[in-house]
Structures are given as structure tokens and as C-alpha cells.
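One structure is given here, and the rest of the page talks about it.
The values are calculated or read from the model by the stated rules, or taken from the named source; none is laboratory data. This structure is a prediction, so every number in the text was calculated from the model and none was measured. Glycine gets a Cβ as well: all are built from the backbone with ideal geometry, and neighbour counts include every protein chain shown.
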Amino acid sequence: MTNVKLDGVYLYVEDLERAIFFYESFLGTKVKHRYEDRWAEFSDKKKGFKLSLFNPFYDQEIIESRDYRKYFDDNYKDFFLKELAQLKIKHHNAVLRLYTEDILAEYERIEALRPMMITSLMRVKYSAPYRFFQLSDPDGNILEVYTIEKS
């Protein structure tokens, strides 16, 4: 039995300001949540769906110039350096995002399915600390399962 639900999609973007301007104009709505130049989120509460924009270059700057442990764990840093740093924004830019209350149970369940690729469980803490992992489907599309950590 699965305990994940479709939550939204996020797009990798090179220029968050430019992307926000485009999507605010295109969707006719304002950003509902934003974290500096890293993340912006549009949400439709009636439909329960979110479109988010993620600038991975923000994290790259933190890894290169600050104490990254303030914001994320070593698993995320290693994942970023190996995978995201090689990201070609123009060719691979969407991630299907799924929410779960029990991240550990879902990680074990999905790991047993033996997906083509599955990352370690990672933790990121900017405005709202969350844990997540990514996996790929048979066609190489990236899915992310996450939970918001409770204080």
C-alpha cells in the first residue's frame, strides 16, 4: 500500500527572477512562497497542486563559499556535486514531486521495487526543513518523495 500523494512539479531554472516573471504573467497569479534566489512556489489550494521553480546554482554557491551544514547534510552535498552539478538545464528540467507522511517507510518500500536509480535519504533545511530522496522511472524521469520535518 502506498502512502504518497501527488503534490506538484518543480522546474530547474537558471534565472529565478526571469522564471518568476514569466510564470506570474503566464499563470496570472503571484508566487505564494519564496526562499531567496533558490525556490519559488505557485499553488492552487482548490486543486491541491503546486508548481515550483528551483535554482540549483544557489546551492552550488553555498557549497563553494559557506558552511553548507547549516543548510543540508553530507548526503545532499555529495548528491549535488555528483548529479546536480552536471545538470543540463535545457535538457532535463522537471521533477515529479510526491509527498508522504512516513519518509522512512516509503524509502524502504520504493527501494524494494529496485528502481533504476535511487539516492540516499537526504535532508535540506532552508525555510522549512525537509527530508527527501529521488529515484528514476524506467525512462529516466526523476521523481522526488519528500516530507516536511516536524519541529
The lone condition R66 fails out of (1) over 17 Å from the mean Cα position of the chain (by Cα); (2) farther than 19 Å from P129 by Cα is (2)
Across the stretch 112-142, which residue is farthest from Y68 (Cα to Cα) among those that are free of Cβ contacts under 8 Å to residues at least 60 places away in the same chain and small (G, A, S)?
-> A112
Looking only at the stretch 93-111, which residues are aromatic (F, W, Y) and without any contact (Cβ under 8 Å) to a residue 60 or more places away in the chain?
-> Y107
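Among the residues of the stretch 124-151, how many are crowded, with 16+ Cβ neighbours inside 10 Å and either modelled with pLDDT of 90 or more or under 11 Å from the mean Cα position of the chain (by Cα) (or both)?
The initial filter retains those residues of the stretch 124-151 that are crowded, with 16+ Cβ neighbours inside 10 Å, namely 124, 126, 130-135, 142-147.
Going one step further and asking which of them are either modelled with pLDDT of 90 or more or under 11 Å from the mean Cα position of the chain (by Cα) (or both), we end up with 124, 130-134, 142-147.
So the count comes out to 12.
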Checked against (1) exposed (fewer than 14 other Cβ atoms within 10 Å of the Cβ); (2) in contact with a Lys or Arg (Cβ under 8 Å, 6 or more places away or on another chain); (3) at pLDDT 90 or above, T2 satisfies every condition except (3)
Identify, from the list D37, D59, D7, D15, the residue that is under 26 Å from M117 (Cβ atoms) and free of Cβ contacts under 8 Å to residues at least 60 places away in the same chain.
-> D59
Looking only at the stretch 96-113, decide whether some residue is at pLDDT below 90 and part of a loop (DSSP other than H, G, I, E, B).
-> yes
Would you be able to say whether some residue in the stretch 25-33 is closer than 21 Å to R123 by Cβ and either in a loop (DSSP other than H, G, I, E, B) or among the acidic types (D, E) (or both)?
-> no
Hey, can you tell me all the residues within the stretch 39-92 that are modelled with pLDDT of 85 or more, basic (K, R) and under 24 Å from V4 (Cβ atoms)?
-> K50
